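The values are calculated or read from the model by the stated rules, or taken from the named source; none is laboratory data. Note that the structure is predicted; figures quoted are calculated from it, not measured. Virtual Cβ from ideal backbone geometry, glycine too; neighbours counted across all protein chains shown.
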Amino acid sequence: MQISPSILSADFANLQDELAAIRNADWAHVDVMDAHFVPNLTLGLPVVESLLSVSPIPIDCHLMIEDPDRWAPPYAEAGAGSVTFHIEAAADPRRLARDIRAAGARASMAIKPGTPFAPYEDLLPELDMVLVMTVEPGFGGQSFMADMMPKVREVREAVGRHGGEIWVQVDGGVSAATIEQCAEAGADVFVAGSAVYGADDPALAVDDLRRLANAHAC
């Protein structure tokens with residue numbers, strides 16, 4: 001069970017300190033948005049490069065952008081430990097996943113709430129993680145979509161059929177109130193934004209979320 005706090009909910013004026021506050025987490029989740037694929041604009045490669053130079057934990061880049069075939073590999077080349085592209089935006093996801101891996105990062109595919117997983121199951125051998133969005137991508141602080149749990153189970157069952165160590169990540173509305181059902185459905189990587197950075201003690205929030213996830217692992 002891995003906890004990946006989203007810095008989208010952090011204080012952007014003090015990101016180095018905000019990363020230090022979650023040094024007990026497994027990953028720092030960085031949302032890259034381009035105001036085209038999603039209606040929000042956050043940060044890009046230069047900021048990620050700066051974060052990589054100061055982060056005490058590996059960085060997981062979630063690219064909510066158009067043309068990830070072109071732009072995703074440079075994040076891996078910069079040193080991101082995991083790079084996630086959206087299947088809805090990728091022109092050649094198989095080649096893209098291979099390019100990300102070749103550049104030294106784990107390759108991950110994200111699927112929006114309205115996107116079925118089944119058509120992409122054959123991509124699993126190329127992937128290290130599948131991200132099932134539990135909100136519509138674009139903005140933090142949205143309500144958790146419990147109706148995505150069957151999709152999480154579907155992905156977990158497909159991973160079991162194919163074998164390999166493929167992680168199943170959930171992102172959106174994950175908190176102490178929702179993480180248990182995510183774990184029971186088969187998720188093992190949990191992105192939490194406001195549940196961590198909105199807490200009085202972010203490190204304690206990370207530990208609490210990990211404990212809840214471990215207690216309800218499928």
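Tell me, please, whether a residue that is without any contact (Cβ under 8 Å) to a residue 12 or more places away in the chain, over 23 Å from residue 203 (Cα atoms), among the acidic types (Asp, Glu) and surrounded by fewer than 22 Cβ atoms within 10 Å (Cβ to Cβ) can be found in segment 121-136.
yes
Out of (1) crowded, with 22+ Cβ neighbours inside 10 Å; (2) on the phi < 0 side of the Ramachandran plot, what's the single condition that is false for residue 173?
(2)
Which members of segment 50-63 meet the condition of being part of a helix (DSSP H, G or I) and exposed (fewer than 15 other Cβ atoms within 10 Å of the Cβ)?
Passing the criteria: 50, 53, 54.
Could we say that residue 80 is in a helix (DSSP H, G or I) and touching a strand residue (DSSP E or B) at 6+ places or on another chain (Cβ under 6 Å) here?
So residue 80 fails the test.
Restricting attention to segment 137-159, which residues are modelled with pLDDT of 95 or more and surrounded by fewer than 14 Cβ atoms within 10 Å (Cβ to Cβ)?
146, 147, 150, 157
Among all residue pairs at least 6 apart or on different chains, which show Cβ distances below 9 Å where the first residue, located in segment 60-85, is more than 19 Å from residue 132 (Cβ to Cβ) and the second is among the charged types (D, E, K, R) and assigned to a loop (DSSP other than H, G, I, E, B)?
69/92
In this structure, is residue 106 among the basic types (Lys, Arg), buried (at least 17 other Cβ atoms within 10 Å of the Cβ) and under 30 Å from residue 147 (Cβ atoms)?
Taking the combined requirement at face value, the residue satisfies it.
Just the residues that are of a type outside the set (Gly, Ala, Ser), more than 13 Å from residue 28 (Cα to Cα) and crowded, with 24+ Cβ neighbours inside 10 Å, please, taken from segment 187-208.
Residues satisfying the conditions do not exist here.
Which ranges mark the helices (runs of 4 or more DSSP H) fully within segment 106-212 that have 3 or more residues being charged (D, E, K, R)?
The qualifying helices (runs of 4 or more DSSP H) are 149-162.
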